[in-house]
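What follows is a set of notes on a single structure, which appears directly below.
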Amino acid sequence: MPNAIYPGSFDPITNGHLDIIERAVAIFDQVTVAVLINTSKPGLFPIDERVELIREAVKAWPSVSVESFRGLTADYARSKGVKFLIRGLRAVSDFDAELRIALMNRKLNPALDTVFLMTSAQNLFLASSTVKEVALLGGDCSALVPEHVAERLRKHPKRRTAETTQATLPED
Ligand code: ADP
């Protein structure tokens, strides 16, 4: 089977992303998880840390590598000679945006096809944005991300502790 690229922001990697990677590993020879460097959206974790967290999460799969890239996904795929992109689908709500991205990528690089993989039911509502919101408000994310990612979220300097959350509540 050919090789594929799984592009995204992965800020941070979640069990939903890993679900998609595991399915992709069963289909493709080599899977490159590619973290998009988006200078206008700095995100919670710096790119190098996101790459490191993904590497740790995928270390059991020798056919998976992790890189970061700048610019258009279509150009990045061309430079690597890869003809398949992987994207994950959660609810129907993902479909509209994903279809637009896939068609634009194909226009920019006609050799490129996007393969959509469905997540499992337990990851249907899991997104990095939700994980970040819960974690920064002091919530427990250990069921949503790999343990080393949950640990990094617990230690994040932007995380509110129980005391800071209570201190900002209005007095009775
Ligand atoms: P997000 O911030 O929405 O998690 P990413 O850019 O990191 O977005 O996502 C990269 C790809 O992974 C996208 O195709 C996205 O739809 C997919 N994805 C993210 N979370 C899940 C999940 N829980 N199940 C399936 N696919 C997912």
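Taking all protein chains as they are arranged and a probe of 1.4 Å, the heavy atoms of V25 leave approximately 40 Å² accessible to solvent. The H on the amide N of I86, modeled in the peptide plane, is under 5 Å from the matching H of I5, Y6, V115, each at least 5 residues off or on a different chain. Accessible surface area normalised per residue over region 7-140 is 53 Å², counting heavy atoms of protein chains with a 1.4 Å rolling probe.
Any of K41/K80; K107/K132; K41/K158; K59/K155; K59/K80; K83/K132 with alpha carbons more than 27 Å apart? Name them for me. Kindly include the intermediate steps, with their values, before the conclusion.
Details: K41/K80 25 Å; K107/K132 33 Å; K41/K158 17 Å; K59/K155 23 Å; K59/K80 22 Å; K83/K132 32 Å.
Cα-Cα > 27 Å for K107/K132; K83/K132; rest within.
Using the Karplus equation 6.51 cos²θ - 1.76 cosθ + 1.60 (θ = phi - 60°), what ³J(HN,Hα) coupling, rounded to whole Hz, does each residue of region 126-142 give in order, writing x for Gly and Pro? Each residue's phi maps through the Karplus curve to give 9, 9, 4, 4, 5, 4, 4, 4, 4, 5, 5, 8, x, x, 8, 10, 5 Hz. In a reduced charge model with +1 at each Lys and Arg Cβ and -1 at each Asp and Glu Cβ, region 1-151 shows a dipole moment near 680 debye about its Cα centre.
Measure off, as a whole percent, the carbon and sulfur share of the 1.4 Å-probe accessible area of the chain, all protein chains present. Working shown, then result.
Details: 5530 of 9870 Å².
Taking all protein chains in place, the chain shows 56 percent carbon and sulfur surface.
With the whole protein complex present, I47 retains an accessible surface near 30 Å², based on a 1.4 Å probe. Taking a ≥ b ≥ c as the square roots of the eigenvalues of the Cα gyration tensor, an a/c ratio of 1.5 or more together with a/b no larger than b/c marks region 1-75 as oblate.
With the simple spin-label model, which puts each label point 7 Å out from Cα in the Cβ direction, the K80 to W61 separation comes to 1.2 nm.
By the equivalent-ellipsoid construction on the alpha carbon gyration tensor, region 24-117 comes out with semi-axes of 21, 17, 15 Å, ordered largest to smallest.
Taking K and R as +1 and D and E as -1, what net charge do the other residues with C-beta under 9 Å from the C-beta of L153 add up to?
Details: positive: K132, R152, R154, K155, R159; negative: E151.
Surrounding charge for L153 is +4.
Between region 33-109 and region 124-151, the alpha-carbon centres lie 20 Å apart. Scaled against the 2.2 N^0.38 Å expected of a compact globular protein of N residues, the Cα radius of gyration of the chain reads 1.11. For V35, the amide hydrogen comes within under 5 Å of the amide hydrogens of E67, S68, F69, counting only partners 5 or more places away or on other chains and with H modelled in the peptide plane. V115 contributes about 40 Å² of solvent-accessible surface, heavy atoms of the protein only, 1.4 Å probe.
In sequence order, region 57-71 has phi-based couplings of 6, 10, 5, 6, 10, x, 8, 10, 10, 10, 9, 10, 8, 10, x Hz under the Karplus curve 6.51 cos²θ - 1.76 cosθ + 1.60, θ = phi - 60°, and Gly or Pro positions carry x. Taken over the Cα atoms of region 101-156, the convex hull encloses 125 Å³ per residue.
Let me know the shape class of region 1-40, please: from the alpha-carbon gyration tensor, a ≥ b ≥ c as square roots of the eigenvalues, rounded when a/c is under 1.5, otherwise prolate if a/b is greater than b/c, or oblate. Since a/c reaches 1.5 but b/c is at least a/b, the shape of region 1-40 is classed as oblate.
The values are calculated or read from the model by the stated rules, or taken from the named source; none is laboratory data. The structure presented is a predicted model; accordingly, all values stated were derived computationally and were not measured. FYI the Cβ positions are ideal-geometry reconstructions off the backbone, even for glycines, and counts take in every protein chain you see. Please note that ligands, DNA and RNA were not included when accessible areas were found on the heavy atoms of the full protein model with its side chains. Shrake-Rupley method; radii C 1.70, N 1.55, O 1.52, S 1.80 Å.
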